1. In Å and whole numbers, how far do the C-alpha atoms of segment 26-185 stretch along each principal axis, longest first?
2. How would you order 32-44, 78-90 from highest to lowest mean count of nearby Cβ atoms within 10 Å?
3. Label points 7 Å out from Cα along the Cβ direction at residue 97 and residue 114: separation in nm?
4. Between residue 76 and residue 107, what FRET efficiency comes out of the Förster formula 1/(1 + (r/R0)^6) with R0 = 25 Å and r the beta carbon distance, rounded to 0.05?
5. With each label point set 7 Å from Cα along the Cα-Cβ vector, what nm distance links residue 183 and residue 154?
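No value in this document is a laboratory result; all are computed from the given coordinates. None of the values given here were measured: they were computed from a predicted structure. Note: ideal-geometry Cβ built from the backbone for every residue, glycine included; neighbour counts use all protein chains shown.
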């Protein structure tokens, strides 16, 4: 009887924990627009911060989100033609001594953004704005195009000895969204 209770408790714990681990990160608020010269992309990722990931950030573990954006010209009866492929990285590192979050981004001017709250850091990490995906001169009028976006948490790398000890728990911090696809005519 005692063994059955223990097994039931273990299963209940794993199922309850599994729902927290299975948090669905997703791409939202996608806007594809243009300026006079460029095709511009805006989007946000929701559901990407778990309690474990927040604790890792607050412990000083550098955390990097990788965003992939693809622009294809849709062609009937042919393979779609790739126009642009961008890979963007947002990295946050918490400085415990100064009580500040330093966020670096591969797009933009390359200067780090420094904020004092985790909620601000999370907002900046999960948002991509004013991303120039292609020059308008590379697009042809009256043709169909498709933008695909994906986000993932880059694998957290710890020093070898810590990675060996914590390798079972590292998967708790991983996430990857499904591809978000939107079509448009130019």
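1. Cα extents, longest axis first: 54, 31, 24 Å.
2. By packing density, highest mean first, the sequence is 32-44, 78-90.
3. It works out to 1.3 nm between the two label points.
4. Values: r = 33 Å, r/R0 = 1.31.
Calculated transfer efficiency: 0.15.
5. That separation, rounded to one decimal, is 3.5 nm.
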